[in-house]
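Visitor: Below is one structure. I have some questions about it.
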Amino acid sequence: MYTLVVKRRKDGRIITLSFIVIISILFILMGLNTNNPDYQYYEEIFHRAQNGISIISVETGFLFLLTLASKIGMNYPQFLMIYTAVGLILIGNSLILYTRKPILAIVCYFCYPFFLDLVQIRQFMAMAIFVFACRYLLHYSKSNLIKYCLLIFFASTQHLIALAFLFFLIVYFKDSKKILYTSILLGILAFAGSRLIYNSMLIQNILALRNKEYIAGSSTAQSIMYPLFHVILVIFCYILFYANSKNSKEPDHEANNVSNTMIKVCISSIVFMPFLLIDFQFTRFFRSCILIIYMYISDQICMLKKTDRLIATGILLLVVLLVNFRLFGPGSGYYESITRLIFSDNILFEALRLEF
């Protein structure tokens, strides 16, 4: 099979045409969308910012960007295009840095949770900034520590949930077992004090904007599915980690450092798992970590033998496709409220008179 290389970086990583095509599809679906459960809400906020009406229901950083866009004569669809492009550039740049198989990671992201990120654009931007910021977790230094914290604080001006990503400073610890045990212990403590945490002012502010028309998702089935999905992915990370550590030859120290950092992020993400059992909205924690998990898995798959690589890729795609069909396929709870709108109300599709 031939791979069409668009650009070869100095570090040997390549940018393929297929990768650019997938990123472009994500931009078209998100940046050119004109109707989803949150679209009218954000458009109304944009108009209020444009007219100088006070707004307290969104973070100050997001409000500042809306106000700035309106001041320079942009409308909301134009703002959404630029906002989407910036987020996808941050994600795309990180994918190329963190994995040798970015196309697999971005396909998995498209299956889940892209459709939700398309609706919840502040969450999308907070996640994109967090993923970009993870490069400053690769090597500990005061400069990297400050850069990571500043980026996370900026992400929190888009969505308050980003403050939780400060927990990943634990990745600076060299001992992976310490990270695992600490994450498990804190997860247990968080679950034990879940009611107190849930009723805290910060958490209530995060949950305040939920749209119950399409967030009717705190069912028992989903309460089981999300933690199970998270567990499956983390176990997959462990299996690939041990399989490749046994078969590794002469180590590439920089690649190993990226890999070790990513597996630490994957491991420490289990601290958020108990929250998935408490409230559906806490899947935002999981969704923000999942792209890093996809990156790690896709990179580790590249190191397997051909047959094992095909099997591992098939298993991963099967799992994410099942989740996609369960959440967004015909007959699912999100099909009418999200999926159908994404593919029917779009500037490009309407211009080309395409109907899905």
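The values are calculated or read from the model by the stated rules, or taken from the named source; none is laboratory data. None of the values given here were measured: they were computed from a predicted structure. All Cβ positions, even for glycine, are placed from backbone atoms using ideal geometry, and neighbour counts span all protein chains on display.
Visitor: Would you confirm whether or not segment 19-28 contains a residue that is modelled with pLDDT under 95, assigned to a loop (DSSP other than H, G, I, E, B) and surrounded by 16 or more Cβ atoms within 10 Å (Cβ to Cβ)?
Guide: For segment 19-28, residues modelled with pLDDT under 95, assigned to a loop (DSSP other than H, G, I, E, B) and surrounded by 16 or more Cβ atoms within 10 Å (Cβ to Cβ): absent.
Visitor: Just to be sure, is residue 156 surrounded by fewer than 23 Cβ atoms within 10 Å (Cβ to Cβ), polar (S, T, N, Q) and within 17 Å of the chain's Cα centre (by Cα)?
Guide: Numbers: surrounded by fewer than 23 Cβ atoms within 10 Å (Cβ to Cβ): yes; polar (S, T, N, Q): yes; within 17 Å of the chain's Cα centre (by Cα): yes.
Judged against the criteria, residue 156 is a match.
Visitor: For residue 108, all conditions in the list (1) out of contact with any Phe, Trp or Tyr (no Cβ under 9 Å at 6 or more places or on another chain); (2) touching a residue at least 12 places away in the same chain (Cβ under 8 Å) hold save one; what is the number of the exception?
Guide: So residue 108 meets the others, but not (1).
Visitor: Residues in segment 100-129 that are modelled with pLDDT under 95 and in contact with a Gly (Cβ under 7 Å, 6 or more places away or on another chain): how many?
Guide: Counting residues in segment 100-129 that are modelled with pLDDT under 95 and in contact with a Gly (Cβ under 7 Å, 6 or more places away or on another chain) gives 0.
Visitor: Against the definition (assigned to a helix (DSSP H, G or I), surrounded by 18 or more Cβ atoms within 10 Å (Cβ to Cβ) and not aromatic (Phe, Trp, Tyr)), how does residue 146 come out, yes or no?
Guide: No: the conditions fail for residue 146.
Visitor: Related question: Taking only segment 126-151 into account, find how many residues are closer than 16 Å to residue 261 by Cβ and not basic (Lys, Arg).
Guide: Total meeting the criteria: 15.
Visitor: For segment 64-83, give me each residue that is farther than 21 Å from residue 109 by Cβ and either loosely packed, with under 15 Cβ neighbours inside 10 Å or among the hydroxyl-bearing types (Ser, Thr, Tyr) (or both).
Guide: Of all residues in segment 64-83, those farther than 21 Å from residue 109 by Cβ come to 64-79.
If the condition is that a residue be farther than 21 Å from residue 109 by Cβ and either loosely packed, with under 15 Cβ neighbours inside 10 Å or among the hydroxyl-bearing types (Ser, Thr, Tyr) (or both), then 64, 67, 68, 70, 71, 72, 73, 75, 76, 78 are the ones that fit.
Yes or no, residue by residue, for (1) among the aromatic types (Phe, Trp, Tyr); (2) within 14 Å of residue 112 (Cα to Cα); (3) at pLDDT 85 or above; (4) assigned to a helix (DSSP H, G or I):
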| site | (1), (2), (3), (4) |
| --- | --- |
| 275 | yes, no, no, yes |
| 290 | no, yes, yes, yes |
| 295 | no, yes, yes, yes |
| 298 | no, no, yes, yes |
| 330 | no, no, yes, no |
| 336 | no, no, yes, yes |
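Visitor: Also: Would you mind finding the one in 76, 109 that is under 30 Å from residue 319 (Cα atoms) and touching a helix residue (DSSP H, G or I) at 6+ places or on another chain (Cβ under 8 Å)? Lay out the reasoning, then the answer.
Guide: Working: 76 fails: under 30 Å from residue 319 (Cα atoms).
After ruling out the rest, the residue left standing is 109.
Visitor: Can you give me the number of residues within segment 28-60 that are under 17 Å from residue 346 (Cα atoms) and charged (D, E, K, R)?
Guide: 2
Visitor: Can you give me the number of residues within segment 19-63 that are under 20 Å from residue 111 (Cβ atoms) and either in contact (Cβ under 8 Å) with a residue 60 or more places away in the chain or not small (Gly, Ala, Ser) (or both)?
Guide: Counting residues in segment 19-63 that are under 20 Å from residue 111 (Cβ atoms) and either in contact (Cβ under 8 Å) with a residue 60 or more places away in the chain or not small (Gly, Ala, Ser) (or both) gives 14.
Visitor: From the set of residues in segment 152-191 that are assigned to a helix (DSSP H, G or I) and basic (Lys, Arg), which is modelled with the lowest pLDDT? Spell out how you get there, then give the answer.
Guide: Taking segment 152-191 and keeping what is assigned to a helix (DSSP H, G or I), we get 152-156, 160-172, 176-191.
Filter again for basic (Lys, Arg), leaving 177-178.
Numbers: 177: 76, 178: 79.
Residue satisfying both the conditions and the ranking: 177.
Visitor: Here's something else I'd like to know. Within segment 44-63, count every residue that is buried (at least 16 other Cβ atoms within 10 Å of the Cβ) and in a helix (DSSP H, G or I).
Guide: 8
Visitor: Now for a separate question. Restricting the search to segment 301-334, which residues are of a type in the set (Phe, Trp, Tyr) and surrounded by 15 or more Cβ atoms within 10 Å (Cβ to Cβ)? Break it down stepwise before answering.
Guide: Step one: of segment 301-334, the residues of a type in the set (Phe, Trp, Tyr) are 325, 328, 334.
Answer for segment 301-334, where residues must be of a type in the set (Phe, Trp, Tyr) and surrounded by 15 or more Cβ atoms within 10 Å (Cβ to Cβ): 328, 334.
Visitor: Shifting gears a bit: Please go through segment 83-132 and give me each residue that is outside any helix (DSSP H, G or I) and out of contact with any Cys (no Cβ under 9 Å at 6 or more places or on another chain), ordered by number.
Guide: Quick first cut of segment 83-132, residues outside any helix (DSSP H, G or I) only: 99-101, 112-113, 120.
Hits for segment 83-132 are 112, 113, 120.
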